[in-house]
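Here is the structure we will look at, set down as structure tokens.
The values are calculated or read from the model by the stated rules, or taken from the named source; none is laboratory data. Only a predicted model underlies this, so the values are computations on that prediction, with no experimental measurement involved. Glycine also receives a Cβ, built like all others from the backbone with ideal geometry; neighbour counts cover every protein chain displayed.
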Amino acid sequence: MAEDRLARIFALQKKFDDELAAKRGLDYDLSTWMQKETLAIISELGEMLDEVQFKWWKDPEPIDTVKLREELVDVLHFFVSMCIKAGVGPEDLYQAYVNKNQENFRRQRGQSRAGYSWD
């Protein structure tokens with residue numbers, strides 16, 4: 001049976017985070033970690049914006065999809081790290097995502113909250 005890919009990503013990230021913290025002597029509290037990794041994600045999203053040519057005042061260039069993918073992976077790297085530190089495992093994340101996805105459909109179909117319906 002193939003290993004669950006999300007669980008594998010979490011395991012790889014945990015191994016990296018543990019080694020990084022040990023080698024660099026990093027020992028922050030949860031709040032500080034969340035702040036640092038949120039800032040890292042914001043930085044990566046800024047790099048992603050550069051890749052998709054958001055500057056309307058410049059001549060457009062073709063999007064480098066390889067670089068775009070790298071930035072997406074960087075965002076995932078920090079996001080998964082945050083999940084691990086916050087005690088959210090791959091199954092927790094999966095279930096929360098499925099629940100939120102279902103709620104989003106209910107909202108867009110006008111079955112949940114007012115002001116969301118796409119009908």
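Quick one: what pairs do we get from the stretch 63-81, first residue farther than 15 Å from L6 by Cα, second at pLDDT below 95 and part of a helix (DSSP H, G or I), C-beta under 8 Å, 6+ apart or different chains?
Taking only residues 6 or more apart or on different chains, the pairs are I63/E51; D64/E51; K67/E51; L68/E51; E71/E51.
Can you tell me how many residues in the stretch 89-119 are β-branched (V, I, T) and under 13 Å from the mean Cα position of the chain (by Cα)? Spell out the reasoning first.
Quick first cut of the stretch 89-119, residues β-branched (V, I, T) only: 98.
Within this subset, residues satisfying the condition of being under 13 Å from the mean Cα position of the chain (by Cα) are none.
Residues meeting the conditions: 0.
If W56 satisfies all but one of (1) among the hydrophobic types (A, V, I, L, M, F, W, C); (2) surrounded by 14 or more Cβ atoms within 10 Å (Cβ to Cβ); (3) assigned to a loop (DSSP other than H, G, I, E, B), what's the number of the condition it fails?
Of the numbered conditions (1) among the hydrophobic types (A, V, I, L, M, F, W, C); (2) surrounded by 14 or more Cβ atoms within 10 Å (Cβ to Cβ); (3) assigned to a loop (DSSP other than H, G, I, E, B), the odd one out for W56 is (2).
Need pairs with beta-carbon distance below 7 Å; first residue surrounded by 14 or more Cβ atoms within 10 Å (Cβ to Cβ) and within the stretch 87-99, second among the small types (G, A, S) and part of a helix (DSSP H, G or I); sequence gap 6+ or separate chains.
Every condition considered, the pairs that remain are P90/A7.
Among the residues of the stretch 17-40, what is the count of those that are part of a helix (DSSP H, G or I) and free of Cβ contacts under 8 Å to residues at least 40 places away in the same chain? First the steps, then the outcome.
Going through the stretch 17-40, the residues part of a helix (DSSP H, G or I) turn out to be 17-24, 30-40.
Those left that are additionally free of Cβ contacts under 8 Å to residues at least 40 places away in the same chain: 18-24, 31-32, 35-36, 39-40.
Number satisfying all stated conditions: 13.
Would you confirm, using the coordinates I've provided, whether V73 is assigned by TED's automatic domain parsing to the domain that holds E19, surrounded by fewer than 14 Cβ atoms within 10 Å (Cβ to Cβ), under 13 Å from the mean Cα position of the chain (by Cα) and part of a helix (DSSP H, G or I)? Lay out the reasoning, then the answer.
Working: assigned by TED's automatic domain parsing to the domain that holds E19: yes; surrounded by fewer than 14 Cβ atoms within 10 Å (Cβ to Cβ): yes; under 13 Å from the mean Cα position of the chain (by Cα): yes; part of a helix (DSSP H, G or I): yes.
Here the answer is yes, as V73 does meet what is asked.
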